[in-house]
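A.B. asks: There's a structure below that I have some questions on.
The values are calculated or read from the model by the stated rules, or taken from the named source; none is laboratory data. Fair warning: this is a prediction, and the values are worked out from it, not measured in the lab. Cβ atoms come from the backbone with ideal geometry, glycine included; neighbour counts cover every protein chain shown.
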Amino acid sequence: MDKVTDAAVTENRKTEHIRINLEKDVQFPHLTTGLENYRFLHQALPELNLNEIDTSITLFGKTLSAPIVISSMTGGAEMAHKINQNLAQAAEMHGIAMGLGSQRAAIEKSELAYSYQVRNVAPNALLFANLGAVQLNYKYGIEQCQRAVDMIEADALILHFNVLQEAVQPEGDTNFAGLLGKVEQICKLVSVPVIAKEVGWGFSEQNVRDLANVGVAAIDVAGAGGTSWSEVEYHRAPTAFHARVARSFADWGIPTADGILYATKAAPQLPVIASGGLRDGIDIAKCIALGATAGGMAGPFLKAANQSVEEVDQLIRETIAQVRISMLCSAAKNVAQLQQIPLLKL
């Protein structure tokens, strides 16, 4: 397949992914995040003033007003441009972090770079560039990683790991052999910190230990319980064979709550971003109490951003309020204290 045709296929796939996520039920049928198994011990006498609760954190040298990340979703298509602009404007307004979708489409077809470029509306936001780690086995290296960073003036680079998604895609890149050493080289050579991120099936404790040992600066656990990308691929499968294979993995993965515990045990020195099925600020607060540094959401933000920047703004306001009230009612005056709050295991 020539470069232009290959880029067009990638662009079409991006549009399909957005449409399927907005229109279809792509949640895990039975597997959950595990967060429902935890409860805060309510503190009726917290001895705190809600107005003085400090939700801010520092991540990669930037101060965020709240421990919230708009998780990586999209780019590489016209439809994605509006979504990313809406997300970035709201992220800038509220001082939270934002990841961009995989930038492979724009590496292959430079005229698609505009769909990822949001610095014009988010000059101060903490932004994460994004490429698939598996591409390091398909002629990508430091040049392409640095191009992704420079393209959006990113503060960090996400290398995402999506082995199951690639395996059930008819056109998937499925050679995941020997990646760890290549990840180590990128960590050494790229100009920004590297975040290792799953896409919805989670990292094992050994995965996190290995990634930490080769120099990644943070882990995004992206566990199971939210969007299942094998379900997304089921909806775009070109044949009944591919559909049946994809659907059989609908409940595969490590639940998000377990992933947080694995990550904090394996690499206690690293920031942990908790994502995968989080739906509100209470979920984010629970993840932080389990040891995470911040919580990321994708699905709720995608639906809001497809409407307007005002919808994203409203969602962020609600999410911050939920985090703040969770902190008040569990007697945590700042995020560092919230990380130490014991949860009740049901």
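A.B. asks: For segment 86-171, please list each of the helices (runs of 4 or more DSSP H) lying entirely inside it that holds at least 3 residues being within 19 Å of the chain's Cα centre (by Cα), basic (K, R) and closer than 25 Å to T319 by Cβ.
C.D. replies: Here the list is empty.
A.B. asks: Do we have I96 as in contact with a Leu (Cβ under 6 Å, 6 or more places away or on another chain) and in contact (Cβ under 8 Å) with a residue 60 or more places away in the chain here?
C.D. replies: Spelling it out, I96 is indeed in contact with a Leu (Cβ under 6 Å, 6 or more places away or on another chain) and in contact (Cβ under 8 Å) with a residue 60 or more places away in the chain.
A.B. asks: Also, I was wondering about something else. Determine whether A246 is closer than 23 Å to E23 by Cβ and either touching a Gly at 6+ places or on another chain (Cβ under 8 Å) or hydroxyl-bearing (S, T, Y) (or both).
C.D. replies: Spelling it out, it is not the case that A246 is closer than 23 Å to E23 by Cβ and either touching a Gly at 6+ places or on another chain (Cβ under 8 Å) or hydroxyl-bearing (S, T, Y) (or both).
A.B. asks: While we're looking at this one, here's another question. Any residue in segment 185-196 that is without any contact (Cβ under 8 Å) to a residue 12 or more places away in the chain and surrounded by fewer than 23 Cβ atoms within 10 Å (Cβ to Cβ)?
C.D. replies: no
A.B. asks: Of the residues S110, S102, S115, which is of a type in the set (S, T, Y) and in contact with a strand residue (DSSP E or B) (Cβ under 7 Å, 6 or more places away or on another chain)?
C.D. replies: Answer to the selection: S102.
A.B. asks: Please indicate, with yes or no, whether at least one residue in segment 265-277 is over 24 Å from N86 (Cα atoms) and touching a Lys or Arg at 6+ places or on another chain (Cβ under 6 Å).
C.D. replies: There is at least one residue in segment 265-277 that is over 24 Å from N86 (Cα atoms) and touching a Lys or Arg at 6+ places or on another chain (Cβ under 6 Å).
A.B. asks: Keeping to segment 218-241, report how many residues are buried (at least 18 other Cβ atoms within 10 Å of the Cβ) and either in contact with a Cys (Cβ under 8 Å, 6 or more places away or on another chain) or part of a helix (DSSP H, G or I) (or both).
C.D. replies: Number of matching residues: 7.
A.B. asks: Is there a residue being free of Cβ contacts under 8 Å to residues at least 60 places away in the same chain, more than 21 Å from A294 (Cα to Cα) and surrounded by 24 or more Cβ atoms within 10 Å (Cβ to Cβ) anywhere in segment 204-215?
C.D. replies: No, every residue in segment 204-215 fails to be free of Cβ contacts under 8 Å to residues at least 60 places away in the same chain, more than 21 Å from A294 (Cα to Cα) and surrounded by 24 or more Cβ atoms within 10 Å (Cβ to Cβ).
A.B. asks: Being over 22 Å from L22 (Cα atoms), touching a Gly at 6+ places or on another chain (Cβ under 6 Å) and at pLDDT 95 or above is the requirement here; does I254 meet it?
C.D. replies: For I254, the condition - over 22 Å from L22 (Cα atoms), touching a Gly at 6+ places or on another chain (Cβ under 6 Å) and at pLDDT 95 or above - is met.
A.B. asks: Next question, about the same structure. Considering only segment 116-150, how many residues are surrounded by 15 or more Cβ atoms within 10 Å (Cβ to Cβ) and either under 21 Å from D173 (Cα atoms) or touching a residue at least 40 places away in the same chain (Cβ under 8 Å) (or both)?
C.D. replies: Residues meeting the conditions: 20.
A.B. asks: Pick from A246, A292: which is on the phi < 0 side of the Ramachandran plot and either modelled with pLDDT under 95 or not in a loop (DSSP other than H, G, I, E, B) (or both)?
C.D. replies: It is A246.
A.B. asks: Taking segment 256-275 only, how many residues are among the basic types (K, R) and buried (at least 24 other Cβ atoms within 10 Å of the Cβ)?
C.D. replies: The number of residues fulfilling the criteria is 0.
A.B. asks: Return yes when G296 is within 16 Å of I96 (Cα to Cα) and either surrounded by fewer than 23 Cβ atoms within 10 Å (Cβ to Cβ) or of a type outside the set (S, T, Y) (or both) and no when it is not.
C.D. replies: yes
Every residue, every condition in (1) under 28 Å from G61 (Cβ atoms); (2) modelled with pLDDT of 95 or more; (3) of a type outside the set (K, R), yes or no:
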position: R119; (1), (2), (3): yes, yes, no
position: L131; (1), (2), (3): yes, yes, yes
position: L136; (1), (2), (3): yes, yes, yes
position: D150; (1), (2), (3): yes, yes, yes
position: D155; (1), (2), (3): yes, yes, yes
position: D173; (1), (2), (3): no, yes, yes
position: Q185; (1), (2), (3): yes, yes, yes
position: V194; (1), (2), (3): yes, yes, yes
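A.B. asks: Filter segment 320-345 down to the residues that are of a type in the set (A, V, I, L, M) and touching an Asp or Glu at 6+ places or on another chain (Cβ under 8 Å), then identify the one that is farthest from I288 (Cα to Cα).
C.D. replies: Of everything passing the filter in segment 320-345, A331 is farthest from I288 (Cα to Cα).
A.B. asks: Just one of (1) in a loop (DSSP other than H, G, I, E, B); (2) in contact (Cβ under 8 Å) with a residue 12 or more places away in the chain; (3) surrounded by fewer than 18 Cβ atoms within 10 Å (Cβ to Cβ); (4) not aromatic (F, W, Y) trips up T63, so point out which.
C.D. replies: Exception for T63: condition (1).
A.B. asks: Against the condition of a type outside the set (G, A, S), surrounded by fewer than 19 Cβ atoms within 10 Å (Cβ to Cβ) and within 20 Å of S230 (Cβ to Cβ), how does V199 come out, does it pass?
C.D. replies: Here the answer is no, as V199 does not meet what is asked.
A.B. asks: OK, next. Do the conditions hold for A257, that is, is it touching a strand residue (DSSP E or B) at 6+ places or on another chain (Cβ under 7 Å) and either closer than 14 Å to Q27 by Cα or assigned to a helix (DSSP H, G or I) (or both)?
C.D. replies: For A257, the condition - touching a strand residue (DSSP E or B) at 6+ places or on another chain (Cβ under 7 Å) and either closer than 14 Å to Q27 by Cα or assigned to a helix (DSSP H, G or I) (or both) - is met.
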